[in-house]
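J.: One structure follows; several queries about it will come next.
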Amino acid sequence: MTVDSSAARKPRRSAAGKAGTTSNASTGATRGTEPELVQLLTPEGKRVRIAKNAKNAQHAQYAQYVADITPDELRGLYRDMVLTRRFDAEATALQRQGELGLWASLLGQEAAQIGSGRATRPDDYVFPTYREHGVAWCRGVDPTNLLGMFRGVNHGGWDPNSNNFHLYTIVIGSQTLHATGYAMGIAKDGADSAVIAYFGDGASSQGDVAESFTFSAVYNAPVVFFCQNNQWAISEPTEKQTRVPLYQRAQGYGFPGVRVDGNDVLACLAVTRWALDRARNGEGPTLVEAYTYRMGAHTTSDDPTRYRHDDERAAWEAKDPILRLRRYLEASNHADEGFFAELEAESEALGRRVREVVRAMPDPDTFAIFENVYADGHALVDEERAQFAAYQASFADAEGV
């Protein structure tokens with residue numbers, strides 16, 4: 001099944017073959033060409049109809065996971081993406097205004113996160129990095145709780161066990177090891193659940209990720225590795241990190257890998273459901289590469305104009321995941337102007353609430369850093385606490401002079 005995944009231009013032929021076809025074979029795609037991937041909704045907002053023949057049997061396998069999706073569920077996916085983007089935009093603005101120390105935007109990656117997040121069950125466990133704001137939304141984490149760490153008032157702000165959503169992980173790639181170990185544990189317990197670990201294309205080069213692949217394969221762990229390939233590890237493009245598409249790395253470890261259109265929320269939902277089902281059925285790990293694009297900066301401390309061209313971003317704006325689903329909803333008469341107007345009002349209300357909550361966050365206890373360092377206390381920690389207390393008191397003494 002061949003689909004053109006670019007709304008703006010035709011893909012060029014690469015040295016390895018044609019681009020733009022939906023199969024799992026590699027094109028060795030380089031920048032400027034379209035990769036082969038699973039796509040169920042085109043950038044123009046049209047459903048890809050996949051015939052159940054030998055050529056498309058595998059893609060029909062994915063498509064069946066969303067074959068009976070209802071208009072209400074489609075509107076729900078659209079709402080998720082719109083509100084997640086609004087939250088993200090508000091957080092970026094708050095950082096620019098000095099209310100947050102840093103922010104990692106998900107702009108452009110809403111479909112990958114909402115599609116995969118909505119594929120999980122409540123009893124599944126999610127291990128994020130620090131950009132999975134959309135997945136957190138799907139897991140029921142209050143978005144304002146995500147901001148405490150970036151404001152410097154807590155180390156996470158939510159109980160991971162309340163939503164089976166682990167705290168954000170700053171150390172690149174380490175959460176894949178945590179996810180693998182947790183998955184091995186629930187397998188030994190005989191639990192009918194799965195684990196999903198999120199990471200980016202940059203993290204895929206970390207040794208922790210390779211170790212995770214090894215252990216998960218050997219122990220047949222029920223884990224899905226979900227790589228959001230947004231094509232830039234800060235300023236390093238993907239082709240500087242790998243000679244083959246990232247999903248093909250799974251072959252070397254003995255488990256399946258699949259590349260999905262990361263701007264297609266239906267394809268991300270379908271492929272992740274398939275991968276999680278494999279895990280729950282005892283078939284072991286899967287690597288899902290969601291091929292998407294980071295529309296903004298790596299974080300608010302980054303300036304992407306120094307290493308990316310405007311035409312590259314413009315080409316990806318034509319594949320905007322939210323606009324794509326809106327076009328489908330409108331063309332299918334699944335949503336009217338009243339729905340979009342109500343959602344806009346809800347979006348505005350969310351933005352106001354986020355701003356109010358962040359500004360009302362209390363300052364942290366400055367002595368909390370000394371707690372829980374040792375289970376039974378330690379003389380050196382006590383000494384350091386006393387020194388810090390004296391240092392803090394010196395400011396009060398200076399003000400009183």
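J.: With (1) out of contact with any helix residue (DSSP H, G or I) (no Cβ under 7 Å at 6 or more places or on another chain); (2) modelled with pLDDT of 95 or more; (3) within 18 Å of residue 289 (Cβ to Cβ) as the list, and residue 182 as the residue in question, which single condition is left unmet?
T.: All conditions are met except number (3).
J.: Only one of these conditions is not met by residue 127: (1) of a type outside the set (Ser, Thr, Tyr); (2) touching a residue at least 40 places away in the same chain (Cβ under 8 Å); (3) touching a Lys or Arg at 6+ places or on another chain (Cβ under 9 Å). Which number is it?
T.: Just one mismatch for residue 127, condition (3).
J.: Here is a further query. Only one of (1) over 29 Å from residue 74 (Cα atoms); (2) open to solvent by less than 60 Å² (accessible area, probe 1.4 Å) is not met by residue 351, so which one is it?
T.: The number of the failed condition is (1).
J.: So, one more: When residues of region 64-78 are filtered for being open to solvent by 60 Å² or more (accessible area, probe 1.4 Å) and not in a helix (DSSP H, G or I), how many remain?
T.: The number of residues fulfilling the criteria is 2.
J.: Being of a type in the set (Ser, Thr, Tyr) and in contact with a strand residue (DSSP E or B) (Cβ under 9 Å, 6 or more places away or on another chain) is the filter here; which residues of region 118-174 pass it?
T.: 120, 125, 129, 169
J.: Related question: Kindly indicate whether any position in region 232-244 is touching a helix residue (DSSP H, G or I) at 6+ places or on another chain (Cβ under 9 Å) and under 28 Å from residue 47 (Cβ atoms).
T.: No, region 232-244 contains no residue that is touching a helix residue (DSSP H, G or I) at 6+ places or on another chain (Cβ under 9 Å) and under 28 Å from residue 47 (Cβ atoms).
J.: When you look at residue 278, is it open to solvent by 50 Å² or more (accessible area, probe 1.4 Å) and outside any loop (DSSP other than H, G, I, E, B), yes or no?
T.: For residue 278, the condition - open to solvent by 50 Å² or more (accessible area, probe 1.4 Å) and outside any loop (DSSP other than H, G, I, E, B) - is not met.
J.: Return the pairs, sorted by first residue and then second, in which the second residue is open to solvent by less than 80 Å² (accessible area, probe 1.4 Å) and among the polar types (S, T, N, Q), the first residue lies in region 350-366 and is farther than 15 Å from residue 143 by Cα, the beta carbons are less than 9 Å apart, and the residues are 6+ apart or on different chains.
T.: What qualifies is 364/154; 366/392.
J.: Could you list, in sequence order, all residues of region 243-262 that are open to solvent by less than 30 Å² (accessible area, probe 1.4 Å) and either without any contact (Cβ under 8 Å) to a residue 60 or more places away in the chain or not in a helix (DSSP H, G or I) (or both)?
T.: 245, 246, 250, 255, 257, 258, 259, 260, 261, 262
J.: From the set of residues in region 255-291 that are touching a Pro at 6+ places or on another chain (Cβ under 8 Å) and β-branched (Val, Ile, Thr), which is nearest to residue 180 (Cα to Cα)?
T.: For region 255-291, the residue satisfying everything is 286.
J.: Which residue, of 182, 168, is of a type in the set (Phe, Trp, Tyr) and more than 18 Å from the chain's Cα centre (by Cα)?
T.: Of the residues listed, the single one that is of a type in the set (Phe, Trp, Tyr) and more than 18 Å from the chain's Cα centre (by Cα) is 182.
J.: Next up: Within region 292-326, track down each residue that is open to solvent by 10 Å² or more (accessible area, probe 1.4 Å), under 18 Å from residue 261 (Cβ atoms), touching a helix residue (DSSP H, G or I) at 6+ places or on another chain (Cβ under 9 Å) and not in a loop (DSSP other than H, G, I, E, B).
T.: Those that are open to solvent by 10 Å² or more (accessible area, probe 1.4 Å), under 18 Å from residue 261 (Cβ atoms), touching a helix residue (DSSP H, G or I) at 6+ places or on another chain (Cβ under 9 Å) and not in a loop (DSSP other than H, G, I, E, B): 313, 317, 322, 323, 326.
J.: Between a first residue in region 330-345 that is at pLDDT 95 or above and a second residue that is open to solvent by 60 Å² or more (accessible area, probe 1.4 Å), which pairs have beta carbons less than 7 Å apart while being 6 or more apart in sequence or on different chains?
T.: Listed pairs, sorted by first residue: 334/75; 335/75; 339/75; 343/79.
J.: Would you check if there is a residue in region 225-242 being more than 21 Å from residue 112 (Cα to Cα), in contact with a strand residue (DSSP E or B) (Cβ under 9 Å, 6 or more places away or on another chain) and either surrounded by fewer than 20 Cβ atoms within 10 Å (Cβ to Cβ) or at pLDDT 95 or above (or both)?
T.: The answer is yes, given that some residue of region 225-242 is more than 21 Å from residue 112 (Cα to Cα), in contact with a strand residue (DSSP E or B) (Cβ under 9 Å, 6 or more places away or on another chain) and either surrounded by fewer than 20 Cβ atoms within 10 Å (Cβ to Cβ) or at pLDDT 95 or above (or both).
J.: Can you report the number of residues in region 321-348 which are over 14 Å from residue 77 (Cα atoms) and under 24 Å from the mean Cα position of the chain (by Cα)?
T.: Matching residues across region 321-348 total 4.
J.: Which number in (1) free of Cβ contacts under 8 Å to residues at least 60 places away in the same chain; (2) within 22 Å of residue 111 (Cα to Cα) marks the one condition that residue 226 misses?
T.: (1)
The values are calculated or read from the model by the stated rules, or taken from the named source; none is laboratory data. This structure is a prediction, so every number in the text was calculated from the model and none was measured. Every residue, glycine among them, receives a Cβ derived from its backbone with ideal geometry; neighbour counts consider all protein chains shown. Just the protein is used for accessible areas: all its heavy atoms, side chains included, with ligands, DNA and RNA removed. Shrake-Rupley method; radii C 1.70, N 1.55, O 1.52, S 1.80 Å.
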